[in-house]
Amino acid sequence: MALLTPLAGWAVDPVPMDVKPGLWETTMTNMTDMSAMIPPEMLAKLTPEQRAKMESAVQARGGPRTATTKHCVTKDTINESLASANTSARQTCTRTFVTSTGTKQVIHMECTSGNMKTSGDIQAEVIDRENTKGSMVMTSAGGRGASMKMEWTTKWLGADCGDVGQKKN
């Protein structure tokens, strides 16, 4: 996802990012503001001590989380990501390309899941053909709301993917 965000519904013609095919490693940090997830009517019923404890516990769950993954990038996966659908069983998204070049993608997203609406922007940049970086900032409206920010870097590890990304029987 970090390297080739599913792309469709564009304002400008999408251009695949100019990166080497092969094995890539992505390090992603996800930061979520969970404080908006507590219903105000629930907070109003709590003592100041209970409220502080609850807010602290919720915020701790939403702190930064970092994960590193490996994935195989091929010409087929690049083309599939450009043509991928915007709908899942739980969510419908539209993506609009603001900028799409071989070295930079800026995409505005709007998603709907039930009565929850989420919108935000994704930016991905090719530093060189073996390194990329990017970010995503999303804010939800409806329900109680929350915000999420992701930042990532990717690096090319080599042309051979080994068994990473291969289908298992």
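The values are calculated or read from the model by the stated rules, or taken from the named source; none is laboratory data. Everything quoted here is computed from the prediction, not taken from an experiment. Quick reminder, even Gly has a Cβ in these numbers, built from the backbone with ideal geometry, and neighbours come from all protein chains shown. Note: accessible area is taken over every heavy atom of the protein model, side chains too, but ligands, DNA and RNA are not part of it. Shrake-Rupley method; radii C 1.70, N 1.55, O 1.52, S 1.80 Å.
Tabulated results
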{"read-out": "Residue count, the range 108-122 (criterion: of a type in the set (A, V, I, L, M, F, W, C) and farther than 20 Å from residue 98 by Cβ)", "value": "1"}
{"read-out": "Residues (closer than 18 Å to residue 95 by Cβ, in contact with a Ser or Thr (Cβ under 6 Å, 6 or more places away or on another chain) and at pLDDT 90 or above) located in the range 133-169", "value": "152"}
{"read-out": "Which listed residue, of 106, 137, is among the β-branched types (Val, Ile, Thr), within 30 Å of residue 43 (Cβ to Cβ) and surrounded by 15 or more Cβ atoms within 10 Å (Cβ to Cβ)", "value": "137"}
{"read-out": "Number of positions in the range 1-30 that are open to solvent by 60 Å² or more (accessible area, probe 1.4 Å) and either under 18 Å from the mean Cα position of the chain (by Cα) or modelled with pLDDT under 70 (or both)", "value": "3"}
{"read-out": "Residue check, residue 117 farther than 23 Å from residue 13 by Cβ and either buried (at least 16 other Cβ atoms within 10 Å of the Cβ) or within 13 Å of the chain's Cα centre (by Cα) (or both)", "value": "no"}
{"read-out": "Complete set of residues in the range 88-103 that are polar (S, T, N, Q), in a loop (DSSP other than H, G, I, E, B) and at pLDDT 85 or above", "value": "101, 103"}
{"read-out": "Flag for residue 36 being modelled with pLDDT under 85, of a type in the set (A, V, I, L, M) and surrounded by 12 or more Cβ atoms within 10 Å (Cβ to Cβ)", "value": "yes"}
{"read-out": "Which numbered condition residue 128 fails, given (1) over 18 Å from the mean Cα position of the chain (by Cα); (2) open to solvent by less than 60 Å² (accessible area, probe 1.4 Å)", "value": "(2)"}
